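Read the structure below first, then the notes.
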Amino acid sequence: MDDLSKTSSPKDSSLLSVSIRISILFMIICGIIYPLASTGAAQLLFPSHANGSLLKDSSGQIVGSELIGQSFEDPSLFQGRVSSIAYNAAASGSNNYGPSNPALMERTEASIKEWKANNPDVSIDRLPIDLVTNSGSGLDPHITVQAANIQIPRISKLTGLSSAVLQDLVKEHTEGRDLAIFGEERVNVLMLNTALAALHK
């Protein structure tokens with residue numbers, strides 16, 4: 001009968017040694033070499049994207065990221081989509097309300113009421129749906145071209161810039177469909193407002 005109290009055989013010790021060396025090797029490759037190589041390649045090939053697609057104003061100050069929406073309280077600026085998480089990038093998501101949920105109705109009605117107050121010259125039946133609805137992530141930095149153009153009368157009145165100038169500004173910042181076939185044309189609100197602020201100085 002085998003004595004279970006005997007020490008491990010040389011073969012077992014050899015297997016343990018190999019396992020430890022392989023583990024250390026993979027920790028070095030996967031935990032040090034690969035991250036450094038991928039980070040270095042990203043910084044070399046796509047430095048802007050690798051650093052968060054940060055956007056700077058005319059004075060060189062960082063004003064945000066092209067990838068994350070913001071809340072703009074100033075009515076003389078273009079407004080983005082509703083965000084149930086206040087554009088908190090640490091808490092991506094939405095309340096996912098169903099169409100019959102009273103909270104969704106209350107939020108939508110509040111958004112429509114605010115729209116009426118800030119845009120008395122624009123009929124409510126022309127209000128684009130993306131200006132009163134939340135995106136799935138709550139962080140969407142884009143609005144439709146229609147949603148940007150519909151705000152021009154208010155912004156023109158508050159800034160003194162002509163509608164034609166503002167329309168050209170929207171056109172300049174209109175992004176096409178992905179691969180020319182997916183999605184729809186859209187406008188990045190932060191980039192548009194950054195250009196508007198520089199123009200309105």
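I'm spelling it out carefully: the read-out is semi-axes √(5λ) of the Cα gyration tensor in Å, the candidates are [x] 36, 15, 14; [y] 53, 24, 14; [z] 33, 17, 15, and one was derived from this structure. Which label? Here the calculated entry is [y]. Counting other Cβ atoms within 10 Å, keep those with at most 10, restrict to DSSP loop, and tell me which GluC sites (Glu not before Pro) in the range 65-127 are left. Those satisfying the criteria are Glu73. Along the Cα→Cβ direction, 7 angstrom out, place labels at Lys11 and Thr108. What is the inter-label distance in nm? Placing both labels 7 Å beyond Cα along the Cβ direction yields 7.2 nm. In the chain, helical runs assigned H by DSSP with n ≥ 4 each contribute -39500 (n - 2.57); averaged across all residues and rounded to the nearest 500, the mean residue ellipticity at 222 nm is -13000 deg cm²/dmol. Using a simple spin-label model with pseudo-atoms 7 Å out from Cα toward Cβ, Glu184 and Val63 lie 2.6 nm apart. In straight-distance terms, cross-link reach from Lys171 covers every one of the aspartates and glutamates whose alpha-carbon lies under 15 Å from its own, apart from those fewer than eight places away in the same chain; here that gives Glu184, Glu185. Partner lysines whose Cα lies under 17 Å from the Cα of Lys56, excluding those fewer than 8 positions away in the same chain, are identified as Lys201. Annotation: extensible slack from Thr133 through Tyr97 equals 11.9 nm (criterion: 0.36 nm per residue apart, minus Cα-Cα distance).
Coordinate-derived values only; no laboratory data. Only a predicted model underlies this, so the values are computations on that prediction, with no experimental measurement involved. Virtual Cβ from ideal backbone geometry, glycine too; neighbours counted across all protein chains shown.
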